[in-house]
Amino acid sequence: MTVSLDLDFVRRQFPALADGYVYMDNAGGSQTLKSVVDRIGEYLLTSDVQLGATYRVSQTAGERVAAGEAAMARYINAVDPGEVVMGSSTSLLLKILSWTLSQKFRAGDEIIVCHGDHEANIAPWQDLTAKGIAVKSWLMDPETLEPDLDDLEKLITPRTRLVAVHHISNILGTINPIRKIADLVHRHGALICVDGVAYAPHRAIDVQAMDVDFYAFSFYKVYGPHYALLYARKELLDQIPGINFDFIDKGAYRFQPGNVNFEFAWGMTGLPDYIKQLAARHFPDEDLSERQSIERGFDLIAAHEEQLSARLLDFLNSRQSVRIIGHPSADRNKRVPTVSFVVDSMNSDTVTLATDPHNIGIRFGDFYAKRLIADLGLIQKQGVVRVSMVHYNTLEEVDRLIEILDRTLPE
Ligand SMILES: Cc1ncc(COP(=O)(O)O)c(C=O)c1O
């Protein structure tokens, strides 16, 4: 028997959804879990002191922050909590990574960046040209709109030190085969840095299964506050010079000057707990480990998301005037419900201006994936129209959007 997601339960965990507004700009930022907000409040109201002292409240604060880091490490299936670096945003964490890691690189070394990426995983590497490092572009295949592994193989040389690539493009919604890419990159002795921002809200993250060296994502798109995580394989992290004070010479703290945001570290324990609760609620008779709960929870999410994609894509595919920018099918193994499209004879901003008055939040633009939008020739079009859904969206909400689009778009 297939178990379907209990949407009433899901939506109750996100108080903002009660206002009836249709939030479909989730790839920009998702709504926040009450459990996360409660824990942020709990930290600030009951343990807002400096860590590391001998008195009781300071001990509690330290335990909460450590528990937050450990929970995040388990959430992404890292081997060690010391592999998790926290920061204010993915953009900043990747900038810190490129700055520090490049101290191990030499002039003449090469880096490959993928043109489907958000600029956060391009610009920090591009900046290294100032150090004499060559940066090559891995273009998306214009037919499939996917990064082609044969193309990557042609770009890699013995001087390639790192390949930067996205797990899912924030425009296309297509899931890239990260394990295959990582295997190829590692066969050539290079490192892989993956932007997981557009993937993290939709699927369980398993850094060991993907065999990645670096993986980053932002919690404000995964039901939490403006805070972000960088995974770095321990043996690599230990070799990279940090940016903190000299006397801080161990672990992830070397990359967290001023330390982490304590209340967010504790607050984010609400995320794995929510996914585990989902699994427990839907599979009450199964004795699931924490990892299995996270995977089963996201299986439920993926199945529901596939229905959302299918409803919207069926409509869009039925319109002659619409071109989907990304995978045309809803298959959960291929895509998430981040659906972009352009319309003949209408610029993308015109479409969203028509939906705005109906209390539906979608948006148009390049979403900082500027190279992809330029390569696709969509700058003049004002980029794409993007409808980015997550598991708390409902089929009724998709129907509301379709009703407006049906009136707005030419046949
Ligand atoms: C795919 C992708 N990568 C990276 C980022 C940058 O994340 P942050 O705002 O945390 O720097 C974004 C933000 O929109 C994104 O969509």
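The values are calculated or read from the model by the stated rules, or taken from the named source; none is laboratory data. Since we're looking at a predicted model, the values are computed, not measured. Counting neighbours? That spans all protein chains shown, and the Cβs are built from the backbone with ideal geometry, glycine included. Surface accessibility is based on the protein's heavy atoms, side chains included, excluding ligands, DNA and RNA. Shrake-Rupley method; radii C 1.70, N 1.55, O 1.52, S 1.80 Å.
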Being part of a helix (DSSP H, G or I) and open to solvent by 40 Å² or more (accessible area, probe 1.4 Å) is true for just one of LEU17, LEU44. Which residue is that? LEU44
Just the residues that are closer than 17 Å to MET140 by Cα and either surrounded by fewer than 22 Cβ atoms within 10 Å (Cβ to Cβ) or among the β-branched types (Val, Ile, Thr) (or both), please, taken from the stretch 331-365. LYS334
Of the residues LEU237, LEU271, only one is out of contact with any His (no Cβ under 7 Å at 6 or more places or on another chain) and closer than 30 Å to GLN13 by Cβ; which? LEU271
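The rows are residues; the columns are (1) farther than 23 Å from ALA216 by Cβ; (2) in the same structural domain as VAL197 (by TED's automatic domain parsing); (3) aliphatic (A, V, I, L, M).
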{"site": "GLY20", "(1), (2), (3)": "yes, no, no"}
{"site": "GLU42", "(1), (2), (3)": "yes, yes, no"}
{"site": "LEU45", "(1), (2), (3)": "yes, yes, yes"}
{"site": "PRO81", "(1), (2), (3)": "no, yes, no"}
Looking only at residues in the stretch 342-392 that are among the β-branched types (Val, Ile, Thr) and closer than 23 Å to ALA16 by Cα, which one is nearest to the chain's Cα centre (by Cα)? VAL390
Of the residues in the stretch 366-401, those that are open to solvent by 10 Å² or more (accessible area, probe 1.4 Å) and of a type in the set (Ser, Thr, Tyr) number 2
State all residues of the stretch 28-63 that are small (Gly, Ala, Ser) and more than 16 Å from the ligand (Cβ to nearest atom); if no residue qualifies, say none. SER35, GLY41, SER47, GLY52, ALA53, SER58, ALA61, GLY62
Would you confirm whether or not the stretch 124-138 contains a residue that is within 16 Å of the ligand (Cβ to nearest atom), in contact with a strand residue (DSSP E or B) (Cβ under 7 Å, 6 or more places away or on another chain) and either part of a helix (DSSP H, G or I) or not assigned by TED's automatic domain parsing to the domain that holds LEU93 (or both)? yes
Of the residues LEU184, LEU155, only one is in contact with a Lys or Arg (Cβ under 6 Å, 6 or more places away or on another chain), over 19 Å from ASN333 (Cα atoms) and surrounded by fewer than 20 Cβ atoms within 10 Å (Cβ to Cβ); which? LEU155
The number of residues in the stretch 167-181 that are open to solvent by less than 10 Å² (accessible area, probe 1.4 Å) and either modelled with pLDDT under 95 or over 14 Å from the mean Cα position of the chain (by Cα) (or both) is 1
Within the stretch 55-110, of all residues that are aliphatic (A, V, I, L, M) and free of Cβ contacts under 8 Å to residues at least 40 places away in the same chain, the one farthest from ILE40 (Cα to Cα) is ALA107
The one condition ASP25 fails out of (1) assigned by TED's automatic domain parsing to the domain that holds GLU295; (2) over 26 Å from TYR215 (Cβ atoms); (3) not small (Gly, Ala, Ser) is (2)
Restricting to the stretch 365-396, count the residues that are of a type in the set (Val, Ile, Thr), in contact with a helix residue (DSSP H, G or I) (Cβ under 9 Å, 6 or more places away or on another chain) and closer than 15 Å to LEU145 by Cα. 1
Taking GLY270 and the conditions (1) open to solvent by 10 Å² or more (accessible area, probe 1.4 Å); (2) more than 19 Å from VAL207 (Cβ to Cβ), which numbered condition does it fall short on, given that it satisfies the others? (1)
Out of all the residues in the stretch 246-265, is one or more crowded, with 24+ Cβ neighbours inside 10 Å, modelled with pLDDT of 95 or more and over 30 Å from PHE14 (Cα atoms)? no
Restricting attention to the stretch 58-109, which residues are open to solvent by 20 Å² or more (accessible area, probe 1.4 Å), assigned to a helix (DSSP H, G or I) and over 20 Å from GLY196 (Cα atoms)? GLN59, THR60, GLY62, GLU63, ARG64, ALA66, ALA67, GLN103, LYS104
Would a scan of the stretch 234-243 turn up a residue that is open to solvent by less than 10 Å² (accessible area, probe 1.4 Å) and out of contact with any Phe, Trp or Tyr (no Cβ under 6 Å at 6 or more places or on another chain)? yes
Would it be correct to say that ASP273 is over 21 Å from ALA232 (Cβ atoms) and not in a helix (DSSP H, G or I)? no
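Residue-by-condition table, conditions (1) within 12 Å of the ligand (Cβ to nearest atom); (2) more than 28 Å from GLY41 (Cβ to Cβ):
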site: ILE175; (1), (2): no, yes
site: LEU184; (1), (2): no, yes
site: GLY189; (1), (2): no, yes
site: VAL197; (1), (2): yes, no
site: ILE205; (1), (2): no, no
site: GLN208; (1), (2): no, yes
site: VAL222; (1), (2): yes, no
site: LEU229; (1), (2): yes, no
site: PHE247; (1), (2): no, yes
Please report, ordered by residue number, the helices (runs of 4 or more DSSP H) entirely within the stretch 298-411 with at least 3 residues that are among the β-branched types (Val, Ile, Thr) and more than 16 Å from the ligand (Cβ to nearest atom). 348-355, 395-408
